[in-house]
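What follows is a set of notes on a single structure, which appears directly below.
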Amino acid sequence: QEDWTYWSTKFRSYVGAMKQGQVGKWMDWAKGHRDTDCKSTALEPAAGACAAALYSALVATCEGKAFKILENAGEGEGLEAWKLLHGRYDAQTRQSKVRKLIELLRFDLKGGDLLERLEAFDVGWQRYKEATKDFKEDDR
């Protein structure tokens, strides 16, 4: 989980700037539409070029299980692959959200520089808030 968060943040920052930031906008859209068909044929034409650019970047960086997920998305289907990768490595279920909260509650401030530990906690808190911002009142 931590490896995915680290890698996906760096990848999104770099690749998201492609095509005047349009790739990043579509990446965010695909991440937020996990139950939607994100194949190029189901989206507007502008998404196709972004999907192809994203696919190329994913091919260059993914390995192992992540590469298999990429292959299953289909040639040139970067947005579908991005959605599937998030589904696999960044699940947004009730259980995953509770697990993230428990990790924060068990956070250890001992061991190392206190300021660094507080910064690490703050990063975890911000990620938790981002992951749960769309949590419906009925889901809590």
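The values are calculated or read from the model by the stated rules, or taken from the named source; none is laboratory data. The shown structure was predicted, so the numbers you read here are calculated from the model rather than taken from an experiment. Cβ sites come from the backbone with ideal geometry, for glycine too, and all protein chains shown count toward neighbours. SASA here: full protein model, heavy atoms, side chains in, ligands and nucleic acids out. Shrake-Rupley method; radii C 1.70, N 1.55, O 1.52, S 1.80 Å.
Read phi for every residue in the stretch 116-122 and hand back ³J(HN,Hα) as whole Hz from Karplus 6.51 cos²θ - 1.76 cosθ + 1.60, θ = phi - 60°, with x for Gly and Pro.
4, 5, 5, 5, 5, 4, 4
Tell me which lysines have Cα within less than 17 Å of residue 83's Cα, excluding those fewer than 8 residues away on the same chain?
Hits, sequence-local ones excluded: 10, 25, 31, 39, 65, 68.
In nm, to one decimal, how far is the modelled label at residue 107 from the one at residue 13, with both set 7 Å along Cα→Cβ?
Here the answer is 1.9 nm between the modelled labels.
For residue 127, what accessible area in Å² do you get when you roll a 1.4 Å probe over the heavy atoms of the protein chains, rounding to the nearest 10?
Its accessible surface works out to 110 Å², give or take rounding.
Working out 0.36 nm times the residue gap between residue 125 and residue 44, then minus their Cα-Cα distance, what length gain in nm do you get to one decimal? Provide the component values of the computation, followed by the final result.
Working: separation 81, 0.36 × 81 = 29.16 nm, distance 3.54 nm.
Gain in length upon complete extension: 25.6 nm.
What size of dipole, in debye to the nearest 20, comes out for the chain about its Cα centre when the only charges are +1 on Lys and Arg C-beta atoms and -1 on Asp and Glu C-beta atoms?
Numbers: 23 positive and 23 negative charges, 44 e Å.
The calculation lands at about 220 debye.
Suppose all protein chains stay in the model; what accessible area per residue would a 1.4 Å probe give for the stretch 1-106, in Å²?
Result: 60 Å² of accessible area for each residue.
Alpha carbon centre of the stretch 36-55 versus the stretch 58-125: separation in Å?
23 Å
For the pair residue 37/residue 5, report the inter-label distance in nm, with labels modelled 7 Å from Cα in the Cβ direction.
Each label point lies 7 Å from its Cα, and together they span 3.5 nm.
Using just the helices of the chain, give the 222 nm mean residue ellipticity in deg cm²/dmol: DSSP H runs with n ≥ 4 each add -39,500 (n - 2.57), and the total is spread over all residues, rounded to 500. Write down the numbers at each step before the final one.
Working: 7 runs with 95 residues, N = 140.
About -21500 deg cm²/dmol.
If R0 is 22 Å, what FRET efficiency do you get for residue 90 and residue 22 from their C-beta distance, rounded to 0.05? The partial results should precede the final answer.
Details: r = 22 Å, r/R0 = 1.01.
After rounding to 0.05, the efficiency reads 0.50.
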